[in-house]
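Here is the structure we will look at, set down as structure tokens.
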Amino acid sequence: MTDRFTEHLVKKVPSSSDNAKKFLIIAGLVILVAGTAMIAVLTGWLIILAVTMGLIYLGYFLISGMNVEYEYTFTNGELDIDKIIGQRKRQNLITVDAGKFEDFDKVTADTPDREQATLVLCSDNTGVGEYYADLITEEYGETRIIFTPSEKMVSYIEEALPRDIRYRKQHGI
């Protein structure tokens, strides 16, 4: 059997709440920076300018931390999903064996709900090209992963699925 390896990086599209948070951070920073700058000018305290610079950096740090990407890596049947925050912090969300999937398909309006399952949401937030994978893990128990893989990754995952799931998918059952 040949090795199957592919990676795919997906940038999460900011939601309206993410944009509102960014706006509030910027508005708060403008008010704080203007206030500290006025105090620095009136009192001549250079320490206030250092505080102002610190506030600007804090704002940059908070806003850039809201930029999220997901990296999917598929290696010989194993799917690894990492969350990259602000291009500076990487967090492993889940690592699973595709051979243990109980179900795998494209997300549609007909996709059955699994209300009891732990949801691992790691898609680009657009709703286009999303797939779900249902399985049971030691860490989370009943689990549903929602992600946006590339077509190449989908084909590799489908090759690694258990035989009964591949049969159902091929025959539309």
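Screening region 85-111 for residues that are in a strand (DSSP E or B) and of a type in the set (S, T, N, Q) and picking the one that is farthest from the chain's Cα centre (by Cα) gives Thr95. Which of the residues that make up region 79-96 are modelled with pLDDT of 95 or more and touching a helix residue (DSSP H, G or I) at 6+ places or on another chain (Cβ under 8 Å)? Within region 79-96, Leu79 is the sole residue that qualifies. Can you tell me which residues in region 126-158 are of a type in the set (S, T, N, Q) and either part of a helix (DSSP H, G or I) or surrounded by fewer than 16 Cβ atoms within 10 Å (Cβ to Cβ) (or both)? Of everything in region 126-158, those that are of a type in the set (S, T, N, Q) and either part of a helix (DSSP H, G or I) or surrounded by fewer than 16 Cβ atoms within 10 Å (Cβ to Cβ) (or both) turn out to be Thr126, Ser155. When region 46-104 is filtered for residues that are out of contact with any Asp or Glu (no Cβ under 9 Å at 6 or more places or on another chain) and aromatic (Phe, Trp, Tyr), the ones remaining, listed by number, are Tyr57, Tyr60, Phe61.
Consider region 114-125 and keep the residues that are in contact (Cβ under 8 Å) with a residue 40 or more places away in the chain and not in a strand (DSSP E or B). The one that is farthest from Thr6 (Cα to Cα) is Asn125. For region 100-113, filtered to residues that are over 20 Å from Glu7 (Cβ atoms) and in contact (Cβ under 8 Å) with a residue 12 or more places away in the chain, the residue that is surrounded by the fewest Cβ atoms within 10 Å (Cβ to Cβ) is Lys106.
Being within 17 Å of Ala133 (Cβ to Cβ), in contact (Cβ under 8 Å) with a residue 12 or more places away in the chain and touching a Cys at 6+ places or on another chain (Cβ under 7 Å) is a property that holds for Lys83. Within the span defined as region 68-84, one or more residues are surrounded by 12 or more Cβ atoms within 10 Å (Cβ to Cβ), assigned to a loop (DSSP other than H, G, I, E, B) and in the same structural domain as Met153 (by TED's automatic domain parsing). For Ala27, the test of being out of contact with any Cys (no Cβ under 9 Å at 6 or more places or on another chain), at pLDDT below 90 and either in the same structural domain as Leu121 (by TED's automatic domain parsing) or among the aliphatic types (A, V, I, L, M) (or both) is failed.
I'd like to verify a number: residues in region 121-149 that are closer than 14 Å to Lys12 by Cα and of a type in the set (A, V, I, L, M, F, W, C), how many?
Final tally of qualifying residues: 5.
Among the residues of region 40-56, are any touching a strand residue (DSSP E or B) at 6+ places or on another chain (Cβ under 8 Å) and either part of a helix (DSSP H, G or I) or touching a residue at least 40 places away in the same chain (Cβ under 8 Å) (or both)?
No.
The values are calculated or read from the model by the stated rules, or taken from the named source; none is laboratory data. Note that the structure is a prediction, hence the values are computed from the model and not measured. Note that we place each Cβ from the backbone using ideal geometry, even for glycine, and neighbour counts take in every protein chain shown.
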